[in-house]
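Let me begin by presenting the structure, written as C-alpha cells, before commenting on it.
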Protein chains: 2
Amino acid sequence: MRRMTARPANAHQARLLKLLRDGGPSSRAQLGDRVDLSRSKLAVEVDRLLETGLVVADGLAASRGGRRSHNVRLAPGLRFLGVDIGATSVDVAVTNAELEVLGHLNQPMDVREGPVAVFEQVLAMAAKLRASGIAEGYDGAGIGVPGPVRFPEGVPVAPPIMPGWDGFPVREALSQELGCPVMVDNDVNLMAMGEQHAGVARSVGDFLCIKIGTGIGCGIVVGGEVHRGTTGSAGDIGHIQAVPDGRPCACGNRGCLEAHFSGAALARDALEAAQQGRSSELATRLEANGRLTAVDVAAAAAAGDPTALDLIRQGGTRTGQVIAGLVSFFNPGLVVIGGGVTGLGHTLLAAIRTQVYRQSLPLATGNLPIVLGELGPKAGVIGAARLISDHLFSPA
Amino acid sequence: MRRMTARPANAHQARLLKLLRDGGPSSRAQLGDRVDLSRSKLAVEVDRLLETGLVVADGLAASRGGRRSHNVRLAPGLRFLGVDIGATSVDVAVTNAELEVLGHLNQPMDVREGPVAVFEQVLAMAAKLRASGIAEGYDGAGIGVPGPVRFPEGVPVAPPIMPGWDGFPVREALSQELGCPVMVDNDVNLMAMGEQHAGVARSVGDFLCIKIGTGIGCGIVVGGEVHRGTTGSAGDIGHIQAVPDGRPCACGNRGCLEAHFSGAALARDALEAAQQGRSSELATRLEANGRLTAVDVAAAAAAGDPTALDLIRQGGTRTGQVIAGLVSFFNPGLVVIGGGVTGLGHTLLAAIRTQVYRQSLPLATGNLPIVLGELGPKAGVIGAARLISDHLFSPA
DNA sequence: CTGCTACGTTCCCCTCGAAACCAAATCGGC
DNA sequence: GCCGATTTGGTTTCGAGGGGAACGTAGCAG
C-alpha cells in the first residue's frame, strides 16, 4: 500500500489527528466537543483530512436519540514501528495509527555490540513482523536507547553503558534503512510516554516514571510533556549517591544508586549470596542455570527465600531513599515503577513506599500513589510509537 | 491618581504589555518585530491599549535614517507592591510598571507572630513608601511567604515554619486591605522569578534557584515557567536526607539538609564552636552581640578564622551533595545560589561547585554554571512584582 | 529638490465563529 | 402504525476580525 505521505497542514488538523488517535473513531460532533473550533471550521478541516487520506469515513454510529453520526477514523493501514533497545534485549512492535500493538517481538541482545549489529537485528525483526502480514510497510518509527540523547538530532551523547553509540546518527541511519521518518529518545522517557498514553499515568499532568532494569533511570513528565533537560540527560538518577562511601561504581564515584540496586547489582548480590551459602534457593538456581539474574531472585523470593527477600527489600529501601528526595523536590502527582525488575513486584513496591512515605514531606506524599507500571515491556514500544506519531501528527 | 482599572482584552494585548514591561518604551515597529502580528492589527491593538490608559504615548524616537517612530510606554503612574516575607524579616518594595524598584524597605520580624501581626507590619511599610511620594496607590501586589502555597487560591498549606498561617486567606485578606489585586506564592519561587526577570537567569529556560536562608528551598523553572508541583510543595528540598542518621530535624526525621546547613543551623554551629573555644573570632563576636548569626560567621571567615571557614565549607559540601542529585535528575542549564547566606560568598560557592562537579554526571555538569544570584534581597520583591504583573497583564 | 529609508495607515480579501437552517433518527400518543 | 414533538448531527449564511500589500508620511543625505 501507499505509505503516509501527507502531514497535517495546520495546528487544527494536528489536534484532530491526535484526538482520533487517542479517542478512536469519532463523529464530527464528538470531535467538536473536544476541540475549540466552530462546527463549520471543524467540518472544513475534517473534509481536508479526508482528502489527504490520513482520515477515512467509518460508517454510521448508532443513534443516541437523534440523527446518526458519520464517524471518521485514522487511515486503517497506517503502521508505526516501536523499537525499545535495552541493555540486554530489544523489543520491536508494530502498531496501528491508534497505537494499538498488532505484533510484538523480543530478542536478547547486548547493546555493547554497537549500533551496526543492533540495527541489523532490529531491521530483521521489523521485516519479520512485516512478513507476518500485519504491516505492508512502516509510516514512521520511534526508537528508544538506554542513554542520553540529543533529542532534536536523534543522536546519543556520551552514553555510559553503550560507548560505541556516542554520536552515532541513529535517527538518520534508521530513517534511511526503513525509508520512513524516525524519532529517537531515551528509553526511560518512552516508557513514561507509554504509561501516559495507555497505562497508569493517563490524565496525570506531573509524574515520575522510575525504570529499574540493568541500570536505573527516571522519566520526568511536567504538564503532560517529557522534560529532557538542557543536555538531554534529565532523569539520569542511577548515579545519585544513595550510600555515602558506598560501593564503587563504574562512573568513578562511590555509593551510586545503580551500584547498590539495579538488575546488574541484584544479580551480583545474588551470586555472592549463593556462593557464600546464604541462600540454598539461589544456590540451586545458580547450579541449574550457571548464572543468576533478577528473575532468579524474584523466583527465590516468591518461594519464600529470606535472603532473596532481604536483597529486594534492601534495594527497595535504597531506591526509596532516592525517590523520596525526588518527590520532595518535584512534588509529582504519581510515581510509576517499571522496568525489568517489576517481576520483584510488591515486595519491592512495599519497600519503596515505606521509605518514601517515611522520608518525604507529608504534603508531598499525602495523596501520592506509587504504583507499578501496567504495560510491562509494552510501555517502551508504545511510547516509541507515540513519539513518532506525535511528530507525524504535527504540522510539517 | 486613578488606579489601574483596565485589563488586556485579549492575548495580543497581554503580549504587548509584557513586551513593554520587559523592553521598556518601544515604537510600533519594534513591537512588530517581537510579536507575530500584522502591522494593521498591531496598530489597532496599540490604539486600544492607548484608549484604556494602560499605555501612553512617549514622544518621538530619534531617527534611524527614516521617519521617526512614535514611542509608546506603559502608564508611568502604575505601581506594584512586592512583598517578601522571610522567616525573620520582611522586605517591601514599590516598582513601576517596568518592575524597576523605586523604593525598598526591610524590617526584622518573626513570621511566627502570625499573619495578623505581619500584615500590620507590611501595611505600615506600604503606607510609609506611599507617604514618601513614590506611589499614590498600588495597582497590584505580589507576596511571597516562606512555605508551600495553594497557588490558585493564594493560601499557605501546612507550612512547617509558620504554623499560624495554615489556611489563612492571604490573598483575599491582603487584597481587601490594599484595595488591589494580590497574588501569593512561595518565596523561593519569587526569588527564581526575580533572577529570571532581572538577574542572572535571563534567557535561561530551565534552571534551579537555591535559596539558603533560615531554611533552604529551591525554585524550579521549566521552560520559562515556575514548576509548583501537584500540591504546591515542589522545591522543598530542606528535608531531603543529606546525612544518613544525621542530626535530628524538626520534621521528625534525621539528617535533613536543613538540619545540617541553613542560616539557623549555621548559627547553632557557630554558637557551639564559640562556647567550646574552637574559635576566638566567633567568641569575641558572641560576647559583643550576645548572639551569633550567619553574618558573624561570614565576618569571621573573612577575617580568616579557620573554624568559620570550616563550617561554611562543610555546609557547602552538604548542600552540594543534594544539589548534585538534583542536577543529575533535572539537568538544568543554570544553578543560582541565593538567600541570606549569600554573604558567605565564594567560600560557600566553591564548596558547592566542587561537590556538584565531582558527583554529578559530566554530561549534566559539562556546561553548567553555578553562580550567586545578582539581585540579593531585591530578587524576592522583584519576583513578587513580576508575579502580579504577569497576572494583571493577562486577559481578564 | 530628489531620491532613499523607515514608519504608520488604509484597503481588500480571506478566514473563522455564531447562529440559523436542514436532515435524520427516536419517542410517545392515539 | 402513523404523525408530530424532540433530540441529535451536519450545512449554509452572514458578519466581524485579521493578514498582506499598496499607499501615504516623515525624516535624512546629497
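Every number in this text was worked out from the coordinates using simple rules, so none of it is lab data. Being a predicted model, the structure only gives us computed values, none of them experimental. Because the Cβ atoms are built from the backbone with ideal geometry, glycine has one as well, and the counts that use them run over all protein chains shown.
Listed values, structure above:
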| quantity | calculated |
| --- | --- |
| Pseudo-label separations to other copies for B:A29 - Cα-to-Cβ vector, 7 Å, nm | 5.5 |
| Listed pairs A:K18/A:K41; A:K18/A:K378; A:K211/B:K211; B:K128/B:K378; A:K18/A:K128; A:K18/B:K41 exceeding 22 Å between Cα atoms | A:K211/B:K211; A:K18/A:K128; A:K18/B:K41 |
| B:Q276 paired with B:D110, simple spin-label distance in nm, labels 7 Å along Cα-to-beta-carbon | 2.7 nm |
| Shape box of the protein assembly as shown [Cα atoms, principal axes, largest first, Å] | 82, 74, 58 |
| Relative contact order of chain A, pairs being alpha-carbon contacts under 8 Å that are 6 or more residues apart, as % | 17 percent |
| Chain A - charge dipole about Cα centre, Lys and Arg +1 at Cβ, Asp and Glu -1, debye rounded to 20 | 1100 debye |
| Positive-end residue, the protein assembly as shown charge dipole about Cα centroid, Cβ charges, pick of B:T342, A:G154, A:N289 | A:G154 |
| Cα gyration tensor, the range A:185-300 - rounded (a/c under 1.5), prolate or oblate | oblate |
| For residues of A:327-339, the mean tally of beta carbons on other chains within 10 Å | 5 |
| Contact order relative to length of the range B:1-153, as percent, for alpha carbon pairs under 8 angstrom and 6 or more apart | 21 percent |
| Gaussian network model of chain A, Cα within-10 Å springs - most flexible of A:A273, A:A242, A:A298 | A:A273 |
| Magnitude of the charge dipole, the protein assembly as shown, Cβ model with Lys/Arg +1 and Asp/Glu -1, debye to 20 | 1740 debye |
| Farthest toward positive dipole pole in the range A:11-74 [+1 Lys/Arg, -1 Asp/Glu at C-beta], among A:A14, A:L42, A:A61 | A:A61 |
| Formal net charge of residues neighbouring B:G205 (Cβ-Cβ distance under 13 Å; K, R +1; D, E -1) | -1 |
| Debye log10 I(q)/I(0) for the range B:260-396, one point scatterer per Cα, at q = 0.15, 0.18, 0.20 Å⁻¹ | -0.79, -0.98, -1.08 |
| R0 of 22 Å, Cβ-Cβ distance A:H70-A:A9: FRET efficiency to nearest 0.05 | 0.50 |
| Convex hull projection area averaged over all views, chain A, Cα basis, nm² | 21.9 nm² |
| Relative contact order (percent, whole number), the range B:202-372, Cα cutoff 8 Å, 6+ residue spacing | 23 percent |
| Label-to-label distance, nm, for residues given as B:L123 and A:E177 (7 Å Cα→Cβ offset) | 7.2 nm |
| Cα centroid of the range A:118-174 to Cα centroid of the range A:259-307, whole Å | 33 Å |
| Degrees between helix B:280-289 axis and first principal axis of chain B (Cα, 0 to 90, nearest 10) | 60 degrees |
| Overall form of the range A:316-366 per C-alpha gyration tensor (a/c, 1.5; a/b vs b/c) | prolate |
| Charge dipole magnitude, Cβ of K and R +1, D and E -1 - the range A:202-372, Cα centre, debye nearest 20 | 160 debye |
| Taking A:M193, A:M4 and counting other C-beta atoms within 10 Å, the order from fewest to most | A:M4, A:M193 |
| Rounded if a/c under 1.5, otherwise prolate or oblate - the range B:24-77, Cα gyration tensor axes | oblate |
| Estimated 222 nm signal from helices in chain B, with DSSP H stretches of n ≥ 4 weighted -39500 (n - 2.57), rounded to 500 | -13000 deg cm²/dmol |
| Within the range B:320-344: backbone nitrogen closer than 20 Å to the A:R254 label point (7 Å, Cα to C-beta) | B:320-325 |
| Calculated FRET efficiency for the pair A:D36/B:D33, C-beta based, R₀ 30 Å, to 0.05 | 0.55 |
| Spatial separation of Cα centroids for the range B:61-117 and the range A:7-43, in angstrom | 44 Å |
| Label geometry 7 Å along the beta-carbon vector: A:E272 inter-copy distances in nm | 3.3 |
| Residue (of A:P181, B:A299, A:A308) at the positive-pole extreme of the protein assembly as shown, dipole from beta-carbon charges | A:P181 |
| For the range A:331-396 and the range B:178-221, distance of Cα centres in Å | 29 Å |
| On Cα atoms only, tilt of A:306-330 relative to the major axis of chain A in degrees | 50 degrees |
| Exposure proxy ranking, count of Cβ atoms within 10 Å, fewest first, for B:L74, A:L368, B:L102 | B:L102, A:L368, B:L74 |
| Cα-based helix-to-principal-axis angle, A:11-23 vs chain A, degrees rounded to 10 | 60 degrees |
| A:A303 versus B:A303: modelled label distance in nm, points set 7 Å from Cα along the beta carbon direction | 7.0 nm |
| Shielding score for B:10-16, defined as the mean number of other chain Cβ atoms within 10 Å | 0 |
| Residue order, fewest to most surrounding Cβ atoms within 10 angstrom, among B:V327, B:V295, B:V381 | B:V295, B:V327, B:V381 |
| Other copies of A:A124: label-to-label distances in nm, shortest first, labels 7 Å along the beta-carbon direction | 8.2 |
